[in-house]
Amino acid sequence: VAQAESVYRGGRLPAAMSGMADVDRAFGGFWPGEYDLLAGIPGSGKTALAVQIAYAIGRKLADQALAAGATPEEAARQPGVVVFSLEMSAESLGTRIAAYLAHVSVERLLRGDLDMMAAAELVQAENTCRFLPVRVRDARSSGMALLPAKIRLHLRRQPETLVVVDHLLADESDLRSVAGRSLE
């Protein structure tokens, strides 16, 4: 009740809201200290949705900082969103973000099947992303065992509003270690 009253009086909700109506309705925002799990079958769009959420929250945080008088460089350095990927390189995830912003399919982008309009949109996407507080970290080489330590180290150096991990069960050996027995 106190939080609702604070928001009503112009305060901010402590949860990070993406601004994506269906996502915010489904998750109720991303609250500090809580874990939200997005699960689904392979190829169902989990990574794409996670990247879109990261971008949307980063965009909102940057817009708030700019409205408060920060420079674009200061907005990019503020606490934002970090994405740790156990599956893809930081470059691959960056490509997904650029494709999303440019309204170009990742497949088209990777094939180089772009017209002048799409190429211009990609340049604009790169310029937009440069000043967002969204950081992508490649965690493929460390695996699940070292991920908590990597996250803690990052957060000591750069506090963040949201941490996204893609994805927890990157391979069968991770699944076995989590399950504690061999898969049959």
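The values are calculated or read from the model by the stated rules, or taken from the named source; none is laboratory data. Here the structure is a predicted model, which means the values were calculated and not measured. Because the Cβ atoms are built from the backbone with ideal geometry, glycine has one as well, and the counts that use them run over all protein chains shown. Ligands, DNA and RNA are stripped out before the accessible areas are found, and what is left, the full protein with its side chains, is counted by its heavy atoms. Shrake-Rupley method; radii C 1.70, N 1.55, O 1.52, S 1.80 Å.
Before moving on, here are some points about what is shown:
- Among the candidates Val104, Val83, residue that is among the hydrophobic types (A, V, I, L, M, F, W, C) and farther than 30 Å from Arg152 by Cβ: Val104
- Some residue of the stretch 64-83 being touching a Lys or Arg at 6+ places or on another chain (Cβ under 6 Å) and within 18 Å of Pro133 (Cβ to Cβ): yes
Listed here are the residues, each with its yes/no results for (1) modelled with pLDDT of 50 or more; (2) part of a helix (DSSP H, G or I).
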site: Leu147; (1), (2): yes, yes
site: Pro159; (1), (2): yes, no
site: Val165; (1), (2): yes, no
site: Ser182; (1), (2): no, no
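- Boolean, Gln78 is in contact with a helix residue (DSSP H, G or I) (Cβ under 6 Å, 6 or more places away or on another chain), of a type in the set (S, T, N, Q), open to solvent by 20 Å² or more (accessible area, probe 1.4 Å) and at pLDDT 90 or above: yes
Yes/no matrix, rows are residues, columns are (1) more than 27 Å from Val165 (Cβ to Cβ); (2) touching a strand residue (DSSP E or B) at 6+ places or on another chain (Cβ under 7 Å); (3) open to solvent by less than 20 Å² (accessible area, probe 1.4 Å); (4) of a type outside the set (Gly, Ala, Ser):
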| site | (1), (2), (3), (4) |
| --- | --- |
| Ala48 | no, no, no, no |
| Ala56 | no, no, yes, no |
| Lys60 | no, no, no, yes |
| Asp63 | no, no, no, yes |
| His103 | no, no, no, yes |
| Leu109 | no, no, no, yes |
| Asp115 | yes, no, no, yes |
| Asn127 | yes, no, no, yes |
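- Of all residues in the stretch 129-171 being touching a helix residue (DSSP H, G or I) at 6+ places or on another chain (Cβ under 7 Å) and of a type in the set (S, T, N, Q), the one that is surrounded by the fewest Cβ atoms within 10 Å (Cβ to Cβ): Ser142
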